[in-house]
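Novice: Pasting a structure here, questions to come.
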Amino acid sequence: MADSQRSTPMLDELKKGPWPSFVTQIQEMADEGKEACDQLLGLLERSYHEKVGHWKHGGIVGVMGYGGGVIGRYSDLQQEYPAIAHFHTLRVNQPSGWFYTSDALRTVCDIWDRHGSGLTNMHGSTGDIILLGTTTAELEPTFAELTANDFDLGGSGSNVRTPSCCVGPARCEWACYDTLDACYNITMAFQDELHRPAFPYKFKFKFSGCPNDCVASIARSDMSIIGTWRDEIRIDQDEVRNYAKAGMNIERDICGNCPTKCMAWDGNEIEIDDSNCVKCMHCINAMPKALRPGVDTGATVLLGSKAPIVEGAQLSSVIIPFLKMEPPYEGIKDLAERVWDFWGEHGKNRERVGELMQRVGLGNFLEAIEVEPIPEMVAYPRDNPYVFYEEYFEEGDGEEEEEQ
Amino acid sequence: MATDRRTDIGPPHYERFLPPIIKANYGKWKYHEILKPGVMVHVGESGDKLFTVRAGSPRLMGTKRIRKFAELADKYCGGHLRFTSRHNCEFLLTDQANIDPLIAELAELGHPVGGIGAAISSIVHTQGWVHCHSAATDASGVVKCVMDDLIEYFDGTKKLPGKLRIALACCLNMCGAVHCSDIAILGVHRRPPKVQHENMKKLCEIPNVVASCPTAAIRPAEVNGMPSVEIDEELCMFCANCFSVCPALPMADALNDGISIWVGGKVSNARSEPKFSKLAIPFIANNPPRWPEVTSAVRKIVEVWAENARNYERLGEFIERIGWPKFFELTEIEFTKQHIDDYKYAGLSFKRSAQLRH
């Protein structure tokens, strides 16, 4: 039984205020009789006093046949908090776009109430449903119930991490390709790579339907697939005038914010030089009733973004400026496999693809993945003259050819 | 073991969870409008209307609360809901009359509605002391305090010039990938790892540990007749990569751990290109349970931006227009040696022109 008399004066301060409280959430589950949640409150209160965490590295724990999907976690105060001595996390692959029915949510809750702490993250940073806290013995039974209900584990460790996508065509007029389908298709195609770590380090896919990039793919995924178009922005001039009538300063706030100054407003109609538009989305964001992306849509594919560890943070770099995004997404799959081949052979332990690109140079990397260099890949050409040439002529070169 | 063990089935297909109105209008939405804070309508080519109510969440949720959300979805949304990339819960309605009763029930449950458009959305964050071994600060607690303090910018009581995306990561691993946020709150260690020589041999592979250091500060060494490592502390930049591969090199240190604040990043391509967040405040000591120095520092930055920025201007775009010296002046943040980059490509961040405001 949970000890409702536990004193947590510091955490109690975090039950106050207008934003929903995580302490209240842990408390609710402690009150439901989850001993682990009660002890978690005790351990956390102690961290608040000592200003230091009390969790240790994970050991190798998991479910049979998988090398990822479970994060081992142990308390360093096992005697005092035995109910959370083991407190492992399961990552459960979320449905595309994080859509659920109430029944599906209740199914996950039922499983987790039977086998774990009842605590979750909806959702983790990569996108998975996070089931937070259980013991080693409960891992396999939890997995059995999840799969019996059509859920599977996501990625962890040096594998394909759980791909994620924005809401896409399900509820957004700006989706330039079907992010939900692409995400599902790629996830299914790479189940082996997702569940059995065989890479130098992690590899993330993120699918955003337009350049607003609601899943932050350009900052957070080794392969960023960002929707775009290559024809004209669709304009409804009547609706443009309605925005102006409603008080929008189109000259200043729309044309003035256009990064390439490819728009003009004469007080009656807006004119766009689409050949000079860089698809930034600002005008469309500001006037969703009047402007829409074109109809010849696809995606820009970029590679290499990551957080700082270890060689510094990176944004993704353009590899394919425009790719039609249609099932079965062979362009994405082929590119991923070529990258993995090179990375698998040349990547160092814990080296992300973005770091490999920096280390070998983008030019060499492109050669290795068999992609031709084009000016869209750089912000500007090199400004240093130290060019590496791999070959040079010697006296007599070419004579043999002439003789033949 | 039974032969019917299912593996590699992947996630359930999303179509099973889409509401009928979405199936009918999939890929055929025409436009959307923000009706009021936290409420928007999407209108299909068909004329169908889908209403979304966005509720804030603490991310860490018990099954009891999730069941409550499911009940609300049954009552108001035909059993359909979704979550956003920033941990908000979105209720999907077809009957406009259900919006206000739903908001009232959410309020009673303690979930404010907001975060759409020119507003702060929920803070993307990590596990912190709740569940992480490498945290330099708590995550959920700091987030709770910052959101409590900025709630009027979430629920629409106060207006902002543009979107405000705050993120928190409790160490440099950045599970929350906070490095492209308008405001990033980042836990930092400031003391080199304390080598547990007696554990080194049983917990760590020494060549791996040596190779893990980006500044080559770790060398193999024999200590008390046992193989171990020594650390050149002057070369340590507190990345904790060594601790990630070797538990015998703990970084956490109550006296020296704390929080740094970074500003001006974005991931959207709107107007200006995506950009990294830059250092505003190198260090604020951990001060649980309410971290008042962090909340007031964040509030000050938000208020300076809200007061001075132009329409649509994100924090980073605002700073680029007024210049960094002006940003430090307006926010009254001290500029220090730590603000000047000294890692790879550091020179690219130096001011290399005479274009200055005097």
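The values are calculated or read from the model by the stated rules, or taken from the named source; none is laboratory data. All values derive from a computational prediction rather than experimental measurement. Using ideal geometry, Cβ is built from the backbone for each residue, glycine included, and neighbour counts are taken over all protein chains shown. We work out accessible area using only protein heavy atoms, side chains counted, and drop any ligands, DNA or RNA first. Shrake-Rupley method; radii C 1.70, N 1.55, O 1.52, S 1.80 Å.
Novice: Within region B:67-78, is there a residue that is open to solvent by less than 10 Å² (accessible area, probe 1.4 Å), more than 25 Å from B:VAL302 (Cα to Cα), among the aromatic types (Phe, Trp, Tyr) and modelled with pLDDT of 95 or more?
Specialist: So far as region B:67-78 goes, yes, one or more of its residues are open to solvent by less than 10 Å² (accessible area, probe 1.4 Å), more than 25 Å from B:VAL302 (Cα to Cα), among the aromatic types (Phe, Trp, Tyr) and modelled with pLDDT of 95 or more.
Novice: Among the residues of region A:46-66, write down those that are over 23 Å from B:CYS246 (Cβ atoms) and open to solvent by less than 10 Å² (accessible area, probe 1.4 Å).
Specialist: Matches in region A:46-66: A:TYR48, A:VAL63.
Novice: So, of the residues in region A:43-64 that are of a type in the set (Gly, Ala, Ser) and either more than 29 Å from A:GLU145 (Cβ to Cβ) or under 25 Å from the mean Cα position of the chain (by Cα) (or both), which turns out to be farthest from the other protein chains (Cβ to nearest Cβ)?
Specialist: Top of the filtered list is A:GLY62.
Novice: With the requirement that a residue be open to solvent by 50 Å² or more (accessible area, probe 1.4 Å), in a helix (DSSP H, G or I) and either touching a helix residue (DSSP H, G or I) at 6+ places or on another chain (Cβ under 9 Å) or free of Cβ contacts under 8 Å to residues at least 40 places away in the same chain (or both), what does region B:79-99 give you?
Specialist: Of everything in region B:79-99, just one residue is open to solvent by 50 Å² or more (accessible area, probe 1.4 Å), in a helix (DSSP H, G or I) and either touching a helix residue (DSSP H, G or I) at 6+ places or on another chain (Cβ under 9 Å) or free of Cβ contacts under 8 Å to residues at least 40 places away in the same chain (or both), namely B:ALA97.
Novice: Give the residue that is nearest to B:GLU273 (Cα to Cα), with candidates limited to residues of region A:367-387 that are in contact with a helix residue (DSSP H, G or I) (Cβ under 9 Å, 6 or more places away or on another chain) and touching a residue at least 24 places away in the same chain (Cβ under 8 Å).
Specialist: Checked region A:367-387; the qualifying residue nearest to B:GLU273 (Cα to Cα) is A:MET377.
Novice: Here is a follow-up. What is the one condition in (1) within 21 Å of the chain's Cα centre (by Cα); (2) under 30 Å from B:ASN199 (Cα atoms) that B:ALA254 does not satisfy?
Specialist: Going through (1) within 21 Å of the chain's Cα centre (by Cα); (2) under 30 Å from B:ASN199 (Cα atoms) one by one, B:ALA254 breaks only (1).
Novice: Okay, next question. List every residue pair whose Cβ atoms sit under 8 Å apart, with the two residues 6 or more apart in sequence or on different chains, where the first one lies in region A:74-102 and is open to solvent by less than 20 Å² (accessible area, probe 1.4 Å) and the second, anywhere, is among the acidic types (Asp, Glu).
Specialist: Every condition considered, the pairs that remain are A:VAL92/A:ASP128; A:VAL92/A:ASP152; A:ASN93/A:ASP128; A:ASN93/A:ASP152; A:GLN94/A:ASP128; A:SER96/A:ASP181; A:SER102/B:GLU71; A:SER102/B:ASP74.
Novice: Name the residue, out of B:PRO274, B:PRO292, that is over 22 Å from A:THR260 (Cβ atoms), open to solvent by 10 Å² or more (accessible area, probe 1.4 Å) and not hydroxyl-bearing (Ser, Thr, Tyr).
Specialist: B:PRO292
Novice: Continuing with this model, one more query. Across region B:335-348, what is the total count of residues that are under 24 Å from B:GLU317 (Cβ atoms) and modelled with pLDDT of 90 or more?
Specialist: Looking only at that region, the number is 4.
Novice: Being within 12 Å of another protein chain (Cβ to nearest Cβ), of a type in the set (Gly, Ala, Ser) and touching a Pro at 6+ places or on another chain (Cβ under 7 Å) narrows it down to one residue among B:ALA118, B:ALA73; which is it?
Specialist: When all the criteria are applied, what remains is B:ALA118.
Novice: Next question, about the same structure. Scan region A:174-211 residue by residue and report those that are surrounded by fewer than 23 Cβ atoms within 10 Å (Cβ to Cβ) and in a loop (DSSP other than H, G, I, E, B).
Specialist: A:PHE190, A:ARG196, A:PRO197, A:ALA198, A:PHE199, A:PRO200, A:TYR201, A:LYS202
Novice: Between a residue in region A:269-286 that is of a type in the set (S, T, N, Q) and any residue that is modelled with pLDDT of 95 or more and outside any loop (DSSP other than H, G, I, E, B), which pairs come within a Cβ distance under 8 Å, given they are 6 or more apart or on different chains?
Specialist: Within 8 Å, no pair qualifies.
Novice: Here is a follow-up. Quick one: in region A:146-201, which of the residues that are facing another protein chain (nearest Cβ under 7 Å) and hydroxyl-bearing (Ser, Thr, Tyr) is farthest from A:ALA290 (Cα to Cα)?
Specialist: Only one residue fits best here, namely A:THR147.
Novice: Filter region A:369-401 for residues that are open to solvent by 40 Å² or more (accessible area, probe 1.4 Å) and in a helix (DSSP H, G or I) and give the result.
Specialist: A:PRO375, A:GLU376, A:GLU399, A:GLU400, A:GLU401
Novice: In the list B:ALA135, B:ALA177, B:ALA169, which residue meets the criterion of being of a type in the set (A, V, I, L, M, F, W, C), at positive phi and either open to solvent by 10 Å² or more (accessible area, probe 1.4 Å) or modelled with pLDDT of 95 or more (or both)?
Specialist: When all the criteria are applied, what remains is B:ALA177.
Novice: Need at least 2 residues that are among the small types (Gly, Ala, Ser) and within 13 Å of chain A (Cβ to nearest Cβ) per element, so show me which strands (runs of 3 or more DSSP E) inside region B:210-317 make the cut, counting only ones lying wholly within it.
Specialist: Strands (runs of 3 or more DSSP E) meeting the threshold: B:258-263.
Novice: Looking at region A:1-45, which of its residues are assigned to a helix (DSSP H, G or I), among the charged types (D, E, K, R) and open to solvent by 50 Å² or more (accessible area, probe 1.4 Å)?
Specialist: A:ASP12, A:GLU13, A:ASP31, A:GLU35
Novice: Just to check your reading of the model, which residue among B:PHE91, B:PHE83 is of a type in the set (Phe, Trp, Tyr) and more than 8 Å from chain A (Cβ to nearest Cβ)?
Specialist: B:PHE91
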